[in-house]
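These notes are about the structure you will find just below.
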């Protein structure tokens with residue numbers, strides 16, 4: 001199951017949306033590397049890059065939330081930590097195996113791709129809505 005950046009993932013924040021597109025591209029590269037001959041080295045490198053870019057992205061999101069005094073900041077950070085731990089678990093799984101197995105691919109699809117959609121549609125969009133309301137002096 002490849003990820004796709006669709007309209008329901010748009011937060012309205014150009015920086016965050018462009019980073020989400022990049023993350024989706026990296027997720028798809030990871031899945032593709034798993035499908036193409038189970039090359040462990042490529043999968044490890046792709047997962048490492050996904051981890052690095054995720055850290056970069058989460059820092060940007062968290063800074064944005066601090067800048068706007070987002071009330072759900074702590075819950076949002078907790079979600080980011082769950083994702084980071086998932087990446088670590090996948091790294092361990094990949095190291096223990098000869099190459100990316102079907103079980104590994106299933107975990108990527110379930111714990112990376114599906115989590116990402118749910119996270120953007122819920123947590124990230126609520127940050128964007130809060131920011132919009134603050135900037136437009138709507139009631140909070």
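Tabulated data for the structure shown
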| read-out | value |
| --- | --- |
| Positions within the range 87-106 being in a helix (DSSP H, G or I), over 17 Å from the mean Cα position of the chain (by Cα) and surrounded by fewer than 17 Cβ atoms within 10 Å (Cβ to Cβ), in sequence order | 92, 93, 95, 96, 102, 103 |
| Identity of the residue in the range 21-49, in contact with a helix residue (DSSP H, G or I) (Cβ under 7 Å, 6 or more places away or on another chain) and within 18 Å of residue 118 (Cα to Cα), that ends up surrounded by the most Cβ atoms within 10 Å (Cβ to Cβ) | 27 |
| The range 52-63, residues that are surrounded by fewer than 17 Cβ atoms within 10 Å (Cβ to Cβ) and in contact (Cβ under 8 Å) with a residue 40 or more places away in the chain | 60 |
| Residue 82 being surrounded by 14 or more Cβ atoms within 10 Å (Cβ to Cβ) and modelled with pLDDT of 90 or more | no |
| Qualifying residue in the range 115-131 (condition: in a loop (DSSP other than H, G, I, E, B), modelled with pLDDT of 90 or more, within 18 Å of residue 16 (Cα to Cα) and out of contact with any helix residue (DSSP H, G or I) (no Cβ under 7 Å at 6 or more places or on another chain)) | no |
| Residue within the range 66-81 that is farther than 30 Å from residue 133 by Cβ and within 14 Å of the chain's Cα centre (by Cα) present | no |
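The values are calculated or read from the model by the stated rules, or taken from the named source; none is laboratory data. Please read all numbers here as calculations on a predicted model, not as lab measurements. Using ideal geometry, Cβ is built from the backbone for each residue, glycine included, and neighbour counts are taken over all protein chains shown.
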